[in-house]
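**Student:** Mind looking over this structure? Questions follow.
The values are calculated or read from the model by the stated rules, or taken from the named source; none is laboratory data. Fair warning: this is a prediction, and the values are worked out from it, not measured in the lab. For neighbour counting, all protein chains shown are included, and Cβ atoms are generated from backbone atoms with ideal geometry for every residue, glycine included. Note: areas computed on protein heavy atoms with side chains; ligands, DNA, RNA excluded. Shrake-Rupley method; radii C 1.70, N 1.55, O 1.52, S 1.80 Å.
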Amino acid sequence: MSILKIHYYGDPILEKPTSIVKNITANEIALVENMFETMYTVEGIGLAANQVGVNKRILVIDASRGQLKKERVALINPEIIFYSKETDCLKEGCLSFPDIEGAVERAISIVIRALNLNGDPIELEVKELLARIFQHEIDHLNGRMFIEKMNQIDRQMVDSKLKKLKKQTIAQLKEKK
Ligand code: CO
């Protein structure tokens, strides 16, 4: 297993919708293992493949932060097929936005259709925190980020941090070329 590099805001890979996975091979399985390991190292509760620089429609989630095996969820090609009308607006953070938080309005419960790692189609109904994490990660897979949906006051509060982070990321990307 290995720890993967997390890509930060300003990196164009985060704005690009990810590609559907056609075959689940040893590569995808290894990627999922590495994504879990990476997420635990940085104490995250969800991670999308494009956040580690891989343009594939894959996410991992563990709201227990590695404490409970049954909380480990890895999904291939997830889609949200139902959103509850009821929403709530709570604070979120993101591994691609260190030290940046803000409230985001999300559906309280959703239904997801995806493949598990065996390639079997599954449907998951989740609510509250889990529903929020899944919506956040599936947004990533669609090339969307939580700052786009952040409430306006919070968004203004973090505006200068966002500009700084974007500038830093772009400078680092240029250095590598
Ligand atoms: Co995120």
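**Student:** Could you estimate the translational diffusion coefficient of the chain from the Stokes-Einstein equation, with Rh from the Kirkwood formula over C-alpha pairs, at 10 °C and 1.306 mPa s, in whole µm²/s?
**Tutor:** Roughly 96 µm²/s, to the nearest whole number.
**Student:** So what's the net charge close to residue 37: Lys and Arg +1, Asp and Glu -1, counting the other residues with Cβ under 13 Å from its Cβ?
**Tutor:** So the environment of residue 37 carries a net charge of 0.
**Student:** Right, something else. Share of the chain's accessible area from carbon and sulfur, percent, 1.4 Å?
**Tutor:** 52 percent
**Student:** Excluding ligands and nucleic acids, what accessible area in Å² is computed for residue 84 using a 1.4 Å probe, to the nearest 10?
**Tutor:** 20 Å²
**Student:** Follow-up question, since we're still on this one. Pull out the extension gain between residue 25 and residue 163, defined as 0.36 nm times the separation in residues minus the alpha carbon to alpha carbon distance; nm, one decimal.
**Tutor:** So the chain would gain 45.8 nm between residue 25 and residue 163.
**Student:** Let me ask something else. Hey, what number do you get for the chain at 222 nm if only DSSP H runs of n ≥ 4 count, each worth -39500 (n - 2.57), divided across all residues, to the nearest 500?
**Tutor:** Counting only the DSSP helices, I get -10000 deg cm²/dmol.
**Student:** Quick check for you: with a 1.4 Å probe and neighbouring chains kept, what is the accessible area per residue of the range 1-124, in Å²?
**Tutor:** That works out to 51 Å² for each residue.
**Student:** Report, largest value first, the span of the C-alpha coordinates of the range 5-82 along each principal axis, in whole Å.
**Tutor:** Sorted largest first, the three principal extents are 32, 31, 28 Å.
**Student:** Label-point separation (nm) for residue 128 and residue 170, each offset 7 Å from Cα along Cα-to-Cβ?
**Tutor:** For residue 128 paired with residue 170, the spin-label model returns 4.2 nm.
**Student:** Can you say what percent of the DSSP beta bridges in the chain, counting only those with both residues inside, are antiparallel? Round to 5.
**Tutor:** Rounded to the nearest five, the antiparallel share is 95 percent.
**Student:** Grab the other residues whose beta carbon is less than 10 angstrom from that of residue 51, score K and R as +1, D and E as -1, and report the net.
**Tutor:** With Lys, Arg at +1 and Asp, Glu at -1, the net is -1.
**Student:** Summing +1 for each Lys or Arg and -1 for each Asp or Glu, what net charge is found among the other residues whose Cβ lies under 12 Å from the Cβ of residue 165?
**Tutor:** Net of charged neighbours comes to +2.
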